[in-house]
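Every number in this text was worked out from the coordinates using simple rules, so none of it is lab data. All values derive from a computational prediction rather than experimental measurement. Backbone-built Cβ (ideal geometry, glycine too); neighbour counts: all protein chains shown.
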Amino acid sequence: MHGVTAEGFTIAVPAGTAFRMADGSAWTGRDDSLDRYRHGAWRQVMELPTPGLHWYVNVIRPVDVSDDIVTWRDLIVDVEAYPDGAYHIADIPELVSARSELPAADVERIRQEVVVIVDDIKAARPPFHRAASETRYGSEESRFWLIPGAGDGLAVIGDMRGAGRASVERMLARLNPASVHAASVNPLMVLPEGAPPRDGVLIAGAPGDMGRLVPHARAALGIYGGRAPVTLALVLEEDADPLAEFHAALDAPQSSLIMHLDQALRQSGIPARGVVTAARFVAASWF
């Protein structure tokens, strides 16, 4: 712990640190991080150096510090921020599912905090500073959980148009995967069943292709589940507003793209480890 002031403190957390959850479960951090806390704040900000510089913001109840124990209670929704001002909102379906068990005041407080976090990101308020160097393979692409430059990756691409397609193609150019296949007919016929691709599997297409792409994700998980990251991305033709999608999911889930995707995955028996909404895509990941 360092940087202790009257307003808060910072903890340097090395990769491999084990965290204990209140329900007795545990998880291990994969990356070094710098975790920032402010007394009374409803957020915890993790600065992560990989992939590229970005920040992962947990919406939480105000942190409690007792002796050498730091306790914080997660409020489900997370926001990922990048030096270019882009951001993703994660775990919206989980909040929608849990809202009946939460006090209405808490749900509204979560909504207000997400609005303030997004405003801070757009205004580059500390710690969300702008960086001169680009992230390793771009903020939009970073969510795909693929490893840049490994050279033996495999991506499955559906029919896409507009800014979203350019974003995916930019990511693929930096990844330089060994094989990229079109998903217009049956892409999974070309997935090898041996060693999983180190870069992971990306299945991407337009929102209207959701019904065709979900079975592809289920088949890919059957082949590589637990051995390689798998991401299904619904690529948007025009830039969207992730905050507007967040509000739509809370106010009218039946009209929200992220809620449609989450429901389709659950009905197919493959609930995702993470589902996010961003400016150029809505994506689900298994990793």
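Please give the peptides 234-246, 101-113 ranked by average Cβ packing (other Cβ atoms within 10 Å per residue), highest first, as a rough proxy for protection.
Working: 234-246: 18.7, 101-113: 13.7.
For the peptides 234-246, 101-113, the packing ranking is 234-246, 101-113.
Counting just the Cα atoms, what span does region 8-122 cover along each of its three principal axes? Round to the nearest Å and put the largest first.
For region 8-122, the Cα extents along the three principal axes come out at 37, 36, 25 Å.
Rank by packing, highest mean first: peptides 217-223, 34-40, 256-262, 119-125, with packing defined as the count of other Cβ atoms within 10 Å averaged across residues.
Averaged packing, sorted descending, gives the order 256-262, 217-223, 34-40, 119-125.
Within region 3-95, report the GluC sites (Glu not before Pro) that DSSP leaves as loop and that have at most 16 other Cβ atoms within 10 Å.
Numbers: sites: Glu7, Glu47, Glu80, Glu94; in loops: Glu7.
Of the GluC sites (Glu not before Pro), the ones in loops of region 3-95 whose Cβ has at most 16 other Cβ atoms within 10 Å are Glu7.
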